[in-house]
Each structure stands twice: as C-alpha cells, then as structure tokens.
Amino acid sequence: MSRRVRRKCVKGAQKLDLPNQPETEDADYLKLNGDGLVDWTRLPNDTVIQLFTYLNYRDRANLASTCKGWRSLGSSSCLWKTLDLRAHKCDWSIMSSMAARCINLEKLKFRGADNADSLISLKAKNLREISGDYCRKLNDSILAVIVARHKLLEVLQLGPDFCERITSDAIVAIGFCCPKLKKLRLSGIREINKDAINALATHCPDLSEIGFIDCLNIDETALGNVVSLRFLSVAGSTNVKWGLAAEFWTKLINLQGIDISRTDVLPAVVMRFFSSIKGLKILCALNCPSLEEDTTVYTKSSCYGKMMLSSFRDTFKELSLMFPDTKNDRDIFSDWRAKSEKRDADLDEFMTWLEWILSHSLFRIAESNPHGLDQFWLSQGADLLLNLLQSNQEDVQERAATGLATFVVVDDENTNVDVGRAEAVMKGGGIQLLLGLARSWKEGLQTESTKAIANLSVNPAFAKSVAAGGGIEILANLARSLNRMVAEEAAGGLWNLSVGEEHKGAIAEAGGIKALVDLIFKWPRGGGGDGVLERAAGALANLAADDKCSIEVANVGGINALVTLARKCKHEGVQEQAARALANLAAHGDSNTNNAAVGLEVGALEALVLLIRSSNDGVRQEAAGALWNLSFDDRNREGIALAGGVEALVALAQSCSEASPSLQERAAGALWGLSVSEANSIAIGREGGVSPLITLAKSQTEDVHETAAGALWNLAFNPGNALRIVEDGGVLALIHLCSSSQSKMARFMSALALAYMFDGRMDENAVAGSSTEGASKSVGLERARRMALQHIETFVLTFADPQAFSAAALSSAPAPLAQVTESARILEAGHLRCRYSNTYISTCMPCIYKYINLYISTWQVVQSSC
C-alpha cells in the first residue's frame with residue numbers, strides 16, 4: 001500500500017456513506033460526459049466492489065485513493081475478510097493504519113517473524129485462520145501473544161519452513177487460548193512434549209486435525225489422548241517410537257486419515273494401524289524406505305475398504321474406491337470438485353485434508369530428490385501435482401506449483417532439467433495450467449506458478465510451448481509487478497526463455513527488455529532485491545547477444561542500468577551477470593555503436609577493472625570478457641589502460657593457471673586486445689605479462705592457447721617483449737603450437753609471432769650488456785632463430801606448393817613472390833587486424849610477406865649449407 005493511501009486511512013470504525021444511486025445497467029453509467037470522457041465514478045456500488053475483488057491489495061488501495069466515494073467502498077468489510085501480507089514488510093504503524101479495515105478479518109497470511117510481531121496491531125478479533133511461513137525466527141513469546149489476542153482462532157499453520165525457536169510452551173499457550181481450534185499444522189518443532197499435547201487434548205475439544213511435520217521428537221503416548229482427531233500427519237518427523245505409536249494411536253477412534261510419509265515406519269506398525277483403527281480410511285506413506293523394501297505389507301494387512309498411498313502403488317487407483325462413478329481414475333480430483341450438488345461434508349473434509357498432505361509431501365520429496373523415484377514421478381507424481389494445481393485451496397495450488405518447479409530440476413548447481421519429467425508435465429497439460437495461475441490476481445499463485453514456468457523453460461521444448469501459449473507476454477507483464485517475489489520469478493522466466501534465439505525477438509516485442517531495465521532501477525541493491533537484479537541482468541545479458549535486441553537494450557537505458565549494477569552492487573551474482581551483459585553489448589562493434597557507448601558511460605571501464613580483482617571466478621571471467629570486447633575500440637583500449645586495466649589483467653593472468661579454461665581464455669583475450677596499442681604492449685611486458693601468457697599458450701585447451709598465441713603475437717612486435725618471450729621459454733611454446741595445435745588460427749599466429757620475433761630488430765636488445773653476455777645471447781638467439789624458421793617453413797608448406805616457394809626463393813622476382821603470397825592467405829584469420837597497418841590480417845601484405853620472406857631466407861640458408 002503506498003504512503004499516499006495510508007495517509008488517507010480513516011481511524012477507527014467506519015460508516016460507509018454510499019451514494020444513493022439506482023441500480024441500473026452499468027452501460028448507462030459509462031456514457032460519455034460533456035468532455036467526451038467516461039466518468040468511472042458513476043458505476044454502481046456493487047459493480048465497483050466486484051471490481052475491487054479482482055485486484056490485489058496494493059491495486060485495491062491505489063484504486064480506492066482516486067475519489068472519496070471509492071475510498072469508502074474500498075474499505076468495505078467484505079473486501080477485507082482475507083489478507084495476504086507475505087510480499088510486504090509491515091511494521092506496527094502500517095498494521096495500525098490498516099486496523100479499521102480489518103475489524104472483520106477472518107483469514108491472514110504472513111511471512112517472517114517481523115510481520116508476526118506486528119500482527120497484534122491489526123486488532124482483528126474475529127480472525128479464524130492464521131498461516132505463516134519463513135518462521136525460523138518466530139519465538140514462543142510472539143506466538144503466545146498472537147494466540148492470546150485471537151481466541152476465535154480455528155486454524156493455525158506455520159511452515160513448511162522449520163519453526164526452530166518454537167517450543168512446547170508455545171503449544172501449551174495455543175491450547176489454553178484457542179478453545180475453538182480445529183486444525184493445527186506446525187513444521188520443524190524440536191520437541192513436542194506431553195504437556196503440550198495434553199493441553200490441546202484438554203482445551204481444544206473440536207481439534208480434528210494435527211500436523212506435526214518434520215519434527216524431531218513427539219510424545220507418542222500423549223498424542224493418543226487427542227481423541228477428537230480425525231486426521232493426523234507426522235510426515236518427515238524423526239525419532240518416532242513406532243512401538244508406542246502403534247499402541248496408543250489406536251485409541252484415536254475417530255481417526256480417518258494418517259500421514260506417515262518420509263518416515264522410517266516399519267511394516268508391522270502399518271499392519272497394526274490398519275487392523276486396530278477401525279475408522280481408518282487412508283494411510284499415506286510416500287517415500288518410506290522400509291515399506292518400499294516390503295511392498296507386500298498392504299496385502300498382508302486387514303485392509304478391506306481401506307487405502308494406502310505409496311510410491312509403489314497407483315494413488316489414483318487407490319482413491320477410485322471412493323469414487324465408483326468416475327470412469328477415468330485420473331479425473332478423481334476434478335470430478336470431486338465439479339460435483340457442486342449434494343455435497344458430502346465428510347468427503348469434502350477428507351479430500352481437502354488429502355490434497356493438503358499430498359501437496360506438502362510431494363513438495364518435500366521433490367526438494368530432497370531421493371534416488372529411485374524416477375518411475376514414480378513419471379507414472380503418477382507429475383499427474384498428482386497437476387491435479388493439485390487445480391485445487392480450490394490456494395496454499396495447495398502454491399505448493400503444487402513449487403513442487404513442479406522443484407521436481408524437474410535434477411541438478412541445482414547446473415540447473416539441469418530432467419527431460420522425461422518436463423515432458424510428463426507438458427503431456428498432462430501443465431503449460432496451460434501454470435499460465436492460467438500466472439494470470440491470477442493472487443500474487444502468491446503468480447509467484448509459484450512463474451517459478452515453475454521459469455524452471456521448466458530450461459527445457460527447449462517446454463520453452464517453445466510456453467512462448468506459443470502466450471507465456472512471454474505474461475512474464476513481461478509480471479516483470480512489471482510491484483511485488484518483488486513476482487517480479488523476481490518473472491525475470492527468471494525471461495532469463496531462461498531468452499537462451500533460445502527464437503524467443504529473443506518475441507521478448508523485445510512484448511516489452512520485456514524495457515521491463516527488465518526498469519526492474520534494475522526499481523529494486524534496491526542489497527537485501528532482498530539482489531535476486532531480482534541478478535535475474536534481470538542475466539536476461540539482459542542473453543538478449544544483448546542478439547544484435548537487434550542489444551540496440552533495444554541501449555535505447556531503453558540498459559547501458560546505464562548495467563553499469564550502475566557493476567559499479568555499486570556488491571552481490572557477486574549480480575556483478576557477474578551485469579559484466580556478462582556489458583560484454584555482450586560490446587560484442588557488436590561492427591554492427592552498432594554499443595561498444596563505444598559502454599566505454600563512454602561514466603565509470604564503466606573503472607568498474608569492470610575493479611571487478612577483475614574480485615575473489616569470485618565467475619565475476620572475474622565476465623569482467624575480463626567485457627574488457628576484451630571493449631578493447632576493440634581505440635578509445636576504450638586507452639581508457640582501460642588509464643583505469644589500471646593492464647596491471648589488473650596481468651595479475652589475473654598470473655593467478656589463473658589453475659582456473660577454468662573460460663577464465664584463462666578471457667584473461668589472455670583481454671591482454672590480446674589491449675596489446676594492439678604499442679604503449680599497452682610495452683606496459684604488459686613491463687608488468688610481467690609475458691610469462692603467464694606463455695604458460696597459457698601451453699594449455700591443452702584450444703581456445704586458451706589460441707588466444708594466448710594472439711596476445712604473444714601482438715607483444716612480439718616490440719623488440720623488448722620479443723626478447724622477454726625468448727628468455728622466458730616462449731620460443732618452444734610457440735614452436736609447439738605452430739607444429740601441433742589443432743587450431744589453424746593458433747598455428748598461424750604462432751608463426752607470425754616467431755616471424756616478428758626473429759626479423760632482426762631484437763638483436764640490438766640482446767647484445768646489450770657485457771661483451772661476454774652479449775656473445776652468449778647472440779649464440780642462443782641464433783639457435784632459437786633457426787628452430788623458429790624451420791617450423792615456419794613446415795607450417796607454410798602445409799598449405800602451399802613447395803615448388804612455387806622454391807622458384808620464388810631462387811628468383812626473388814615480384815611475380816613469383818605475389819603468387820606465393822596469394823596462396824598463403826589465411827581465410828580463417830579474416831577477423832584479425834594487424835596492429836601496425838590496422839587492416840585485416842587476411843589482406844595485410846606486410847604480415848604475409850613477413851613470414852614468407854623469413855621462410856625464403858631460411859630456405860636459402862639451408863640450400864647454401866647443403
């Protein structure tokens with residue numbers, strides 16, 4: 001809710017002063033006024049209230065601020081019976097400002113202990129249901145005060161995150177303060193002792209459902225005293241003494257359903273439950289290892305008319321016993337929801353509980369991703385989640401969507417999606433179901449469904465279907481959401497979709513690029529906004545790889561946004577994606593002006609140089625890649641040097657010998673780009689850049705040694721650097737590349753480097769010093785020169801006619817030499833530029849003549865010595 005709206009809230013109880021308008025057709029009120037405009041304020045009150053119901057709380061408040069009449073309507077108690085605060089940080093003052101509207105509030109959702117602490121300010125004494133997540137920091141005192149202020153509470157749910165600071169004392173307070181409690185679901189409690197459970201048994205006579213999920217210790221004996229229980233879940237709980245459970249839980253005469261999924265329950269206990277609890281209808285035991293080892297436990301039990309849900313039994317077939325009229329087992333849930341007439345209250349309560357425990361267990365199983373369940377997911381798990389997506393319970397829908405987002409990802413680190421599972425979701429109509437939830441006005445559903453769409457879109461076939469179903473437009477719209485979680489997941493979806501070349505243009509057409517750039521300016525750096533920024537920058541990085549999209553990124557202010565992230569954001573994930581985006585923007589030097597534009601952006605070059613010194617390899621890699629691309633522009637090249645880029649990149653090259661090949665390639669590439677300048681080339685040699693480049697030239701990875709060879713070729717133009725290459729053992733490294741690299745480019749540039757090193761200019765540097773040292777160096781250089789020339793000869797002969805070279809060497813006439821030159825062109829090197837002539841290598845006669853003439857002179861020396 002915006003600050004402007006909060007200032008207009010009326011304190012205390014409100015009487016609605018509604019305009020006295022006759023109820024006629026809405027169209028009569030939407031006629032144009034004298035100015036030719038529609039006066040929306042003339043709509044009937046019930047129509048306006050109906051419009052309010054389709055808006056989220058933020059939009060509802062904004063609409064209510066338009067006029068006095070709508071402000072009164074926006075405060076109607078019928079609009080404030082439910083409240084979802086999970087996307088908002090609400091302190092005491094905000095809650096107090098909302099108190100007047102929330103007098104009749106019945107259902108509340110919150111996130112985190114901070115919001116929980118301020119719930120008391122709402123003064124919602126009629127509250128019936130409270131649901132909270134991310135409650136790790138919620139403690140006994142806060143929870144005790146909440147339940148003491150809301151004595152009409154019927155449902156209390158905290159999870160699925162662990163409530164690590166809640167103890168049995170808080171559960172005792174719940175029992176004493178909430179006599180009307182019907183459902184209690186708590187996750188991750190360390191210990192629930194007999195005093196806590198007995199307080200519930202004594203003071204909550206209507207308590208029909210307990211969920212002690214993922215708890216460490218539960219008093220099994222005391223749990224048998226809660227005789228009002230109809231449904232019990234201890235899914236994921238450890239240290240359960242199953243012998244005591246089998247003895248005392250059989251006293252729960254009203255128990256119809258029990259959930260023991262993800263536990264170490266023994267087959268004998270399951271048989272005892274079935275035989276001793278007469279009213280038991282269903283036992284859910286998903287992912288129970290002991291039962292999966294003995295799959296005959298069900299047939300051994302006295303279980304006529306009872307159902308057991310497990311990973312080795314068909315859940316739909318089991319449930320079909322309750323729906324004999326359903327023709328297709330997979331339609332059980334939809335058929336139940338569709339039967340609006342002759343509702344069976346007991347069946348509705350049963351199925352409502354079943355949906356909830358299935359959604360929770362499937363999500364937890366997907367989260368842990370245990371081995372051996374692939375067949376379960378493909379045969380029924382995916383269909384179960386898709387059925388639960390259609391539930392009438394919002395939290396079940398959310399959990400099912402989260403489960404879909406989780407179970408398809410089989411490798412979190414590399415975001416690998418299981419193809420079979422993704423296809424199962426597609427086959428079951430999951431795309432349209434998820435897109436439908438993403439269109440909902442409920443932000444919780446938007447968040448979780450968009451997360452599922454984003455993860456599934458890693459699969460190319462799924463991404464194509466999402467795009468065909470209008471998913472790109474939906475995600476682009478959701479990226480504009482004022483809800484951070486919604487915007488974050490939408491940006492993630494666009495990030496994954498933008499991997500496909502065929503989707504980039506559609507994202508641009510849908511306004512996705514503008515929405516992503518706006519996200520960077522909208523959300524603050526640090527804290528909770530880093531996830532949004534990383535995903536937005538990642539999506540822009542993918543889009544910037546496309547020439548047309550890169551122009552659009554620049555046109556809507558993307559360069560400034562990305563440079564701002566690189567300069568000011570401290571989150572390494574954001575830094576990495578921002579640097580990658582800038583690298584891709586600068587990669588279109590010949591087709592647009594983005595390369596120069598990035599360099600001209602204030603602080604861009606300095607920020608990238610600073611990122612080179614990051615401790616994170618991913619950040620360093622992308623920053624080096626950006627500097628490599630930017631160095632193709634003359635002005636950028638000098639700007640990088642002025643910003644300390646030479647020193648930073650030499651240090652990076654010196655430290656990355658054990659790093660990934662991608663980082664090594666970019667470090668060598670950035671030095672290659674900078675070394676085009678004579679001043680930079682000298683600086684690189686002076687700073688010690690020759691030795692690490694020689695090390696990288698020895699790499700077995702083709703891209704690394706090819707790039708290092710290019711950098712050494714540029715450095716070899718300078719006699720001082722050429723001598724350093726010789727002294728640091730670079731001749732052997734270059735000879736090895738020239739003779740054995742699988743890359744023709746690497747062999748070519750190694751030959752060029754050797755040619756420039758031994759064209760005679762280095763000799764003067766070599767003889768400097770004492771006469772003895774000079775003579776020794778001259779002998780060493782001559783030996784290295786002969787080795788180099790022999791390998792240049794071998795390289796040239798690999799693609800040229802030896803007879804033509806022989807004729808050219810003997811005559812030295814222009815015509816034969818021109819013929820040799822033409823045959824020596826390296827078409828693969830067409831994108832390289834000579835540092836001196838500033839022309840492409842494939843057409844640079846000085847470069848071609850250089851190694852041809854050196855070959856001819858070598859050939860003549862060899863001939864004369866024969």
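Taking the criterion of being open to solvent by 10 Å² or more (accessible area, probe 1.4 Å), among the small types (Gly, Ala, Ser) and either in a helix (DSSP H, G or I) or in contact (Cβ under 8 Å) with a residue 24 or more places away in the chain (or both), would at least one residue in the range 515-525 satisfy it? No. For the range 738-747, the count of residues that are open to solvent by 30 Å² or more (accessible area, probe 1.4 Å), under 23 Å from Pro692 (Cβ atoms), outside any loop (DSSP other than H, G, I, E, B) and at pLDDT below 70 is zero.
Any residue at all in the range 560-567 that is surrounded by fewer than 24 Cβ atoms within 10 Å (Cβ to Cβ), modelled with pLDDT of 95 or more and β-branched (Val, Ile, Thr)? Yes. In the range 59-98, the qualifying residues are those that are open to solvent by less than 30 Å² (accessible area, probe 1.4 Å) and under 22 Å from Ser141 (Cα atoms), and the one that is nearest to the chain's Cα centre (by Cα) is Leu85. Kindly evaluate Ala659 against the criterion of being open to solvent by less than 10 Å² (accessible area, probe 1.4 Å), of a type in the set (Gly, Ala, Ser) and within 36 Å of the chain's Cα centre (by Cα). Considered against the rule, which asks whether it is open to solvent by less than 10 Å² (accessible area, probe 1.4 Å), of a type in the set (Gly, Ala, Ser) and within 36 Å of the chain's Cα centre (by Cα), Ala659 comes out as no. Cβ-Cβ distances below 7 Å connect the following pairs, each with a first residue in the range 395-421 that is surrounded by fewer than 18 Cβ atoms within 10 Å (Cβ to Cβ), a second residue that is in a loop (DSSP other than H, G, I, E, B), and a separation of six or more residues or different chains: Val410/Asn369; Val410/Asp418; Thr415/Val458; Val419/Asn459.
Does any residue of the range 755-763 turn out to be among the hydroxyl-bearing types (Ser, Thr, Tyr), closer than 19 Å to Arg786 by Cα and surrounded by fewer than 19 Cβ atoms within 10 Å (Cβ to Cβ)? Scanning the range 755-763, I find no residue that is among the hydroxyl-bearing types (Ser, Thr, Tyr), closer than 19 Å to Arg786 by Cα and surrounded by fewer than 19 Cβ atoms within 10 Å (Cβ to Cβ), so the answer is no. Here Leu207 fulfils each of the conditions (1) outside any loop (DSSP other than H, G, I, E, B); (2) in contact with a Ser or Thr (Cβ under 6 Å, 6 or more places away or on another chain) apart from (1).
Of all residues in the range 140-163, those satisfying the criterion of being out of contact with any Cys (no Cβ under 9 Å at 6 or more places or on another chain) and not in a helix (DSSP H, G or I) are Val155, Gln157, Pro160. Scoring Ser379 on the criteria (1) buried (at least 21 other Cβ atoms within 10 Å of the Cβ); (2) out of contact with any Gly (no Cβ under 6 Å at 6 or more places or on another chain); (3) among the polar types (S, T, N, Q) leaves a single failure, condition (1). Inside the range 611-632, residues that are closer than 23 Å to Ser677 by Cα, in a loop (DSSP other than H, G, I, E, B) and open to solvent by less than 40 Å² (accessible area, probe 1.4 Å) make up a count of 1. Among the conditions (1) touching an Asp or Glu at 6+ places or on another chain (Cβ under 8 Å); (2) within 15 Å of Leu533 (Cβ to Cβ); (3) not small (Gly, Ala, Ser), the only one that Thr564 does not satisfy is (1). Among the residues in the range 369-378, are any part of a loop (DSSP other than H, G, I, E, B) and either more than 30 Å from Phe212 (Cα to Cα) or modelled with pLDDT of 95 or more (or both)? Checked against the condition, which is being part of a loop (DSSP other than H, G, I, E, B) and either more than 30 Å from Phe212 (Cα to Cα) or modelled with pLDDT of 95 or more (or both), the range 369-378 yields no hits at all.
The values are calculated or read from the model by the stated rules, or taken from the named source; none is laboratory data. Because the structure is a prediction, the values reported are computed rather than measured. Here Cβ is always computed from backbone atoms with ideal geometry, including for glycine, and neighbour counts include all displayed protein chains. The protein model used for the area step is the full one, side chains on, heavy atoms only, and it has no ligands, DNA or RNA in it. Shrake-Rupley method; radii C 1.70, N 1.55, O 1.52, S 1.80 Å.
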